[in-house]
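Engineer: Pasting in a structure now, in structure tokens, and then I'll have a few things to ask.
The values are calculated or read from the model by the stated rules, or taken from the named source; none is laboratory data. The structure presented is a predicted model; accordingly, all values stated were derived computationally and were not measured. With ideal geometry, Cβ positions are generated from the backbone for all residues, glycine too; neighbour counts draw on all protein chains shown. Quick note on the areas: whole protein, heavy atoms, side chains included, nothing else; ligands and nucleic acids left out. Shrake-Rupley method; radii C 1.70, N 1.55, O 1.52, S 1.80 Å.
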Amino acid sequence: MTVSKRLVLHFPRKLVDQPILCRLARDYNIDFNILKASVTPNEEGVLVVELSGEESNYNKGNEYLAQTGVAIQPLSKDVVRDEEKCIHCGSCVVLCTGGALSVERPTMKVNFDHTKCIACEICVRSCPSRAMEIRF
Amino acid sequence: MPKTIAEINENIRKGKAVVVTAEEVIGIVEKKGVEKAAKEVDVVTTGTFGPMCSSGAFLNLGHTAPRMKIGGGKATLNDVPVYTGIAAVDVYLGATAMPDDDPRNKNYPGSFDYGGGHVIEDLVAGKDIKLVATTYGTDCYPRKKIETLINLKDINEATLFNPRNAYQNYNIAVNLSDKTIYTYMGVLKRNLGNVNYSTSGQLSPLFNDPYYLTIGVGTKIFLGGGIGYVSWYGTQHNPSALRSDNGVPRRGAGTLAVIGDLKQMKPEWLVGTSMVGYGSTLTVGIGIPIPVLSEEILSYTAVKDEDIFAPIIDYSEVYPQRKPDILGEVSYAELKSGKIEVMGKEVPTASLSSYYKATQIANTLKEWINKGDFQLTEAVASLPGTEDGVNLKPLNDRPIE
């Protein structure tokens with residue numbers, strides 16, 4: 001049976017320079033599709049990927065990922081914006097890892113593109129008016 | 001030219017006043033020149049919507065039977081402590097107060113989800129608020145305890161009185177350290193990860209009247225979605241701050257104390273906000289009309305973001321240690337572009353003050369004036385100006401003998 005899941009992978013700083021996804025594909029025969037990547041040298045990295053493969057391979061691959069120290073989070077959470085609560089200040093924009101929150105110029109209105117959101121949740125606590133909410 | 005406020009009010013009454021926002025006036029002056037624009041335009045409306053910690057409300061709760069002297073006792077509204085050191089049933093609800101059991105920064109960075117600013121928003125939204133108070137008994141005020149619900153519509157007075165709002169310019173915050181810091185200027189990522197600023201620039205009230213020629217004690221304003229007044233100069237008012245040739249301060253300068261009846265305000269314009277790792281506060285909407293009494297006043301209102309500068313300050317070391325160093329100055333036009341260069345690095349910018357909402361405030365005030373619902377007032381006293389020798393003083397420790 002083939003399994004296909006969308007995951008958010010958080011890479012600690014020490015792992016950023018290692019070819020982890022490459023090994024995953026080569027050693028466990030797992031296909032990966034990178035939906036979103038934010039990896040810079042000497043920084044933590046976040047990858048949103050769709051992994052698919054035969055079930056036993058998929059499970060072994062997942063174990064390998066966990067062993068390396070990569071934090072795995074299913075992309076089953078959804079971040080939504082309460083339009084009434086948003087005060088359009090823009091403080092979230094520089095924190096958004098997926099580029100989902102952006103400022104429209106010249107009105108300076110803050111837009112939220114849900115399709116770009118990787119559910120990292122950084123905006124949730126940092127939003128002064130608590131307009132960003134997690135839905136499960 | 002020159003006009004008087006009485007003449008402008010006459011035009012407002014007749015529905016003939018020409019009212020434009022501080023954004024619109026820029027284009028008008030560019031197209032027609034100051035002389036012509038000053039003849040045509042009667043009022044320029046401004047706006048700002050940002051977190052303003054020095055905010056709060058005086059509430060008169062009404063007297064219970066038997067009577068209770070909450071004054072001098074202890075009281076909370078939705079578990080948020082209020083100041084009771086005044087008369088029997090008057091309290092002051094401050095924007096940054098928080099419940100005694102809020103963990104603060106014990107779980108760093110603290111979340112500060114609900115504080116005085118949120119109680120003010122809930123009051124204005126018409127929600128019931130839990131009042132709990134304890135005190136000592138007296139012959140005339142025997143009752144010692146109360147737990148009840150109150151509602152804004154049932155209490156006597158609710159007066160928003162903010163000792164310091166509408167700062168004329170503000171620091172631009174960055175973080176030079178190697179860890180994320182949580183400040184009143186928002187989350188600042190390490191190693192110059194982001195730049196945060198907080199004014200509405202060319203729309204901001206005091207940038208449009210840099211020498212306080214029209215804004216003074218008694219000026220009628222848009223406050224929290226209703227009507228308010230400038231009641232005094234704000235705390236830390238510092239007219240002596242460094243200024244550009246156009247008169248606009250390049251540092252934090254003037255401030256306003258404002259007052260108004262909370263019962264006619266709107267929760268959309270008084271929003272309880274939480275700064276992660278710092279505390280809770282109130283985001284306040286203020287709009288001030290500037291009567292075009294002279295060409296000079298009009299020319300000040302035409303100030304553009306590119307002509308307004310603010311200092312870049314490191315909030316990991318320089319600000320907390322009250323050191324004087326700045327990392328440079330940039331204009332609000334650069335800040336609003338989304339990125340600026342600091343120490344040779346291109347850094348993304350974010351605002352805590354909402355320009356988008358500030359525009360709505362300036363437009364709302366314009367609409368009120370156009371409909372004849374809002375007339376201008378003459379200031380009854382001036383704010384301290386550049387010649388008055390008012391400076392911002394630090395607090396230097398002195399040993400207690």
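Engineer: Taking the Cα centre of the protein assembly as shown as origin and charging only Cβ (+1 Lys, Arg; -1 Asp, Glu), how large is the dipole, in debye to the nearest 20?
Structural biologist: 620 debye
Engineer: Also: Is there a simple number for the mean count of other chain Cβ atoms within 10 Å of the Cβ of residues in B:271-278, and what is it?
Structural biologist: Values: counts 7, 3, 7, 6, 3, 5, 2, 1.
Counting Cβ atoms of other protein chains within 10 Å of each residue's Cβ and averaging gives 4.
Engineer: Tell me the relative contact order for chain B as a rounded percent, counting alpha carbon contacts under 8 Å between residues six or more apart. The partial results should precede the final answer.
Structural biologist: On the way: 1075 pairs, mean separation 97.3, N = 401.
Dividing the mean separation by the residue count of chain B yields 24 percent.
Engineer: Could I ask something else about it? Could you grab the Rg to Rh ratio for the stretch A:78-135? Cα atoms only, Kirkwood for Rh.
Structural biologist: Details: Rg = 10.1 Å, Rh = 11.1 Å.
Ratio of gyration radius to Kirkwood radius: 0.91.
Engineer: Let me ask something else. Between residue B:261 and residue B:333, with labels modelled 7 Å along Cα→Cβ, what's the label distance in nm to one decimal, could you check?
Structural biologist: In this crude spin-label approximation the distance works out to 4.4 nm.
Engineer: To the nearest 0.05, how large is the calculated FRET efficiency for residue B:378 and residue B:306 if R₀ is 30 Å and r is the Cβ-Cβ distance?
Structural biologist: Numbers: r = 33 Å, r/R0 = 1.09.
So the FRET efficiency works out to roughly 0.35.
Engineer: What is the spin-label model distance, in nm, from residue B:296 to residue A:4 if the labels are put 7 Å beyond Cα along the C-beta direction?
Structural biologist: Calculated label separation equals 7.3 nm.
Engineer: Could I have the simple spin-label model distance between residue B:36 and residue A:78, label points 7 Å from Cα toward Cβ, reported in nm to one decimal?
Structural biologist: 5.5 nm
Engineer: Report the per residue volume, in Å³, of the convex hull enclosing the C-alpha atoms of the protein assembly as shown. Before the final figure, lay out the partial values.
Structural biologist: Working: hull volume 107.8 nm³, N = 537.
In the protein assembly as shown, the Cα convex hull volume per residue is 201 Å³.
Engineer: Relative to the longest principal axis of the C-alpha atoms of chain A, give the angle of the C-alpha long axis of helix A:55-68, reported between 0 and 90° and rounded to the nearest 10°.
Structural biologist: The angle comes out near 70 degrees.
Engineer: Tell me, what is the FRET efficiency for residue B:11 and residue A:105 to the nearest 0.05, using R0 = 35 angstrom and their Cβ-Cβ distance as r? Walk me through the intermediate numbers first.
Structural biologist: Working: r = 34 Å, r/R0 = 0.99.
Calculated transfer efficiency: 0.50.
Engineer: Rg and Dmax of chain B over Cα atoms: what are they, in angstrom?
Structural biologist: When restricted to the Cα atoms of chain B, Rg and Dmax are 22.3, 72 Å.
Engineer: Now for a separate question. With a 4.7 Å Cβ cut-off, tell me which Cys residues in the protein assembly as shown come up empty for a partner.
Structural biologist: So far as the 4.7 Å Cβ criterion goes, A:22, A:86, A:89, A:96, A:117, A:120, A:127, B:53, B:140 stand without a partner in the protein assembly as shown.
Engineer: Here is a follow-up. Once the Cβ-Cβ distance between residue B:321 and residue A:43 is put in as r, and R0 is 25 Å, what FRET efficiency do you end up with, to the nearest 0.05?
Structural biologist: 0.35
Engineer: Quick check on chain A: helices-only [θ] at 222 nm, where DSSP H runs of length 4 and up contribute -39,500 (n - 2.57) each and the sum goes over total residues. Nearest 500, please. Before the final figure, lay out the partial values.
Structural biologist: Working: 3 runs with 28 residues, N = 136.
Computed mean residue ellipticity for chain A: -6000 deg cm²/dmol.
Engineer: Another question about this same structure. From other protein chains only, count the Cβ atoms within 10 Å of every residue's Cβ in B:185-196, then give the mean.
Structural biologist: Mean number of neighbouring Cβ atoms from other chains: 3.
Engineer: How many Å² of accessible surface get buried when B and A come together, counting both sides, probe radius 1.4 Å, rounded to the nearest 100?
Structural biologist: 2000 Å²
Engineer: Which ³J(HN,Hα) values, rounded to whole Hz and listed in residue order, are derived for the stretch A:93-104 from phi using the Karplus coefficients 6.51, -1.76 and 1.60 in 6.51 cos²θ - 1.76 cosθ + 1.60 with θ = phi - 60°, glycine and proline given as x?
Structural biologist: 4, 6, 9, 5, 7, x, x, 7, 9, 8, 9, 8
Engineer: Once the piece of chain linking residue A:54 and residue A:115 is laid out straight, how much longer is it, given 0.36 nm per residue of separation minus the C-alpha distance between them?
Structural biologist: On the way: separation 61, 0.36 × 61 = 21.96 nm, distance 2.75 nm.
Difference between extended and current length: 19.2 nm.
Engineer: Semi-axes of the stretch B:58-157's equivalent ellipsoid from the Cα gyration tensor, sqrt of 5 times each eigenvalue, largest first, rounded to whole Å?
Structural biologist: 25, 16, 10
Engineer: Additional query: Peptide B:354-360: average number of partner chain Cβ atoms within 10 Å per residue?
Structural biologist: Values: counts 10, 9, 11, 6, 2, 5, 1.
Taking all residues of B:354-360 together, the mean is 6.
Engineer: In deg cm²/dmol, rounded to 500, what helix-only [θ] at 222 nm does chain B give when every DSSP H run of at least 4 residues adds -39500 (n - 2.57) and the total is split over its residues?
Structural biologist: The helix contribution divided over chain B gives -5000 deg cm²/dmol.
Engineer: Non-local amide H neighbours of residue B:111 (under 5 Å, H modeled in plane, Pro and chain starts lacking H): which ones?
Structural biologist: B:277
Engineer: Summarise the long-distance tail of P(r) for the stretch B:121-250 by giving the % of C-alpha pairs beyond 17 Å. Don't jump to the answer; show the numbers that get you there.
Structural biologist: Values: 6195 of 8385 pairs.
Cα-Cα pairs in the stretch B:121-250 separated by more than 17 Å: 74 percent.
Engineer: Same structure, new question: Using Cα pairs closer than 8 Å and at least 6 residues apart in sequence, work out the relative contact order for chain A, in percent.
Structural biologist: Working: 243 pairs, mean separation 33.8, N = 136.
Taking the mean separation of contacting Cα pairs over the length of chain A, I get 25 percent.
Engineer: Run through the stretch B:117-221 and list the GluC sites (Glu not before Pro) located in a DSSP loop whose Cβ has at most 16 other Cβ atoms within 10 Å.
Structural biologist: In loop regions of the stretch B:117-221 (DSSP not H, G, I, E or B), the sparsely surrounded GluC sites (Glu not before Pro) are B:157.
Engineer: Another question, if that's okay. If all Cα-Cα distances of the stretch B:251-401 are sorted into 10 Å bins from 0 onward, what percent lands in each bin, rounded to whole numbers?
Structural biologist: So the P(r) values, bin by bin, are 7, 24, 35, 25, 8, 1, 0.
Engineer: Follow-up question, since we're still on this one. Eigenvalues of the Cα gyration tensor times 5, then square-rooted: what semi-axes does that give for chain A, in whole angstrom, largest first?
Structural biologist: Values: eigenvalues 205, 50, 28 Å².
Output for chain A: semi-axes of 32, 16, 12 Å.
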